[in-house]
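The values are calculated or read from the model by the stated rules, or taken from the named source; none is laboratory data. Values in this document were obtained by computation on a predicted structure and should not be read as measured data. Here the Cβ is made from the backbone with ideal geometry for all residues, glycine too, and neighbour counts use every protein chain on show.
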Amino acid sequence: METRVGKTLKRKTEFRKQLLSIPKMFIFLVISLLAYMFSLLLWTKSLKGTAYSELLDTILTTNIMAIGLFMALGYMNLKFIIVIFKSLIKIMFTVWVVIIVQFSSLDQIEQNAWIVLSAFFFVYLEVLLDINDCLFQVKDDFQIPKLKYVTSTFIKDNSISISILCLSVINSALSYFIIDLLKAIYS
């Protein structure tokens with residue numbers, strides 16, 4: 001049986017842990033956002049001077065908006081809202097956005113731009129949410145032997161930052177494929 005003094009000490013210790021974990025999470029988030037910006041810089045470098053460079057600003061803005069919305073949804077920490085939002089995204093993009101844009105009075109170029117930009121936004125947001133869900137499925141006894149601090153608790157606490165880092169790696173890899181694809185198209 002714990003005494004009152006023991007309970008107070010335990011509460012203070014847990015409070016200190018929580019207080020110290022916030023700066024760690026913030027630093028890790030800043031690092032992941034910097035890595036993401038670097039991956040977008042690789043895109044900019046890959047598409048510079050091509051016919052697609054005009055679209056790049058809008059695509060980058062759309063990606064940054066998707067990251068911002070993902071962070072807002074993730075830090076709310078309401079699983080039900082995230083599931084509802086994912087379902088809304090799937091229905092909205094696969095059905096309504098395509099139908100509305102196709103039957104709108106916009107000319108063909110504007111229709112294509114709307115479809116491409118909404119696809120970028122919704123797909124990137126859905127990928128981030130899926131990666132985040134996957135990180136929450138890590139077993140409780142998970143630990144990397146060489147990196148003792150990478151535990152299931154660390155992964156779950158920093159799932160938003162890790163998701164953004166994973167997307168940064170995907171973007172970086174895609175930037176190299178974009179270069180090869182553009183060389184093949186323009187050769």
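If only residues of the range 70-88 that are surrounded by 16 or more Cβ atoms within 10 Å (Cβ to Cβ) and aliphatic (A, V, I, L, M) are counted, the one that is farthest from Leu29 (Cα to Cα) is Ile82.
What residue, of Ile162, Ile170, is within 20 Å of Asn77 (Cβ to Cβ), in a helix (DSSP H, G or I) and modelled with pLDDT of 85 or more? Just one listed residue meets the conditions, Ile162.
Of all helices (runs of 4 or more DSSP H) completely enclosed by the range 1-110, which ones contain at least 1 residues that are at pLDDT below 75 and under 30 Å from Tyr176 (Cα atoms)?
Working: elements: 4-47, 53-76, 79-91, 98-102.
Qualifying helices (runs of 4 or more DSSP H): 98-102.
Of the residues Ile155, Ile82, the single one that is touching an Asp or Glu at 6+ places or on another chain (Cβ under 9 Å) and farther than 30 Å from Tyr52 by Cβ is Ile82. In summary, Trp114 fulfils each of the numbered conditions (1) more than 24 Å from Ile82 (Cβ to Cβ); (2) assigned to a loop (DSSP other than H, G, I, E, B) with the single exception of condition (2).
Suppose the filter is modelled with pLDDT of 80 or more and either hydroxyl-bearing (Ser, Thr, Tyr) or farther than 20 Å from Tyr36 by Cβ (or both); does Leu135 pass it?
On the way: modelled with pLDDT of 80 or more: yes; either hydroxyl-bearing (Ser, Thr, Tyr) or farther than 20 Å from Tyr36 by Cβ (or both): no.
So Leu135 fails the test.
Based on this model, can you work out whether Glu110 counts as of a type in the set (Asp, Glu) and either buried (at least 17 other Cβ atoms within 10 Å of the Cβ) or in contact with an Asp or Glu (Cβ under 8 Å, 6 or more places away or on another chain) (or both)? It is false that Glu110 is of a type in the set (Asp, Glu) and either buried (at least 17 other Cβ atoms within 10 Å of the Cβ) or in contact with an Asp or Glu (Cβ under 8 Å, 6 or more places away or on another chain) (or both).
Listed here are the residues, each with its yes/no results for (1) among the charged types (D, E, K, R); (2) under 28 Å from Leu29 (Cβ atoms); (3) surrounded by 16 or more Cβ atoms within 10 Å (Cβ to Cβ); (4) in contact (Cβ under 8 Å) with a residue 12 or more places away in the chain.
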{"residue": "Lys90", "(1), (2), (3), (4)": "yes, yes, no, yes"}
{"residue": "Ser104", "(1), (2), (3), (4)": "no, no, no, no"}
{"residue": "Val127", "(1), (2), (3), (4)": "no, yes, yes, yes"}
{"residue": "Phe136", "(1), (2), (3), (4)": "no, yes, no, yes"}
{"residue": "Pro145", "(1), (2), (3), (4)": "no, yes, no, no"}
{"residue": "Ile160", "(1), (2), (3), (4)": "no, yes, yes, yes"}
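Scanning the range 115-127 turns up no residue that is over 30 Å from Glu54 (Cβ atoms) and among the hydrophobic types (A, V, I, L, M, F, W, C). If I filter the range 180-187 for residues that are part of a helix (DSSP H, G or I) and either of a type in the set (Lys, Arg) or buried (at least 16 other Cβ atoms within 10 Å of the Cβ) (or both), do I get at least one hit? Among the residues of the range 180-187, at least one is part of a helix (DSSP H, G or I) and either of a type in the set (Lys, Arg) or buried (at least 16 other Cβ atoms within 10 Å of the Cβ) (or both), which makes the answer yes.
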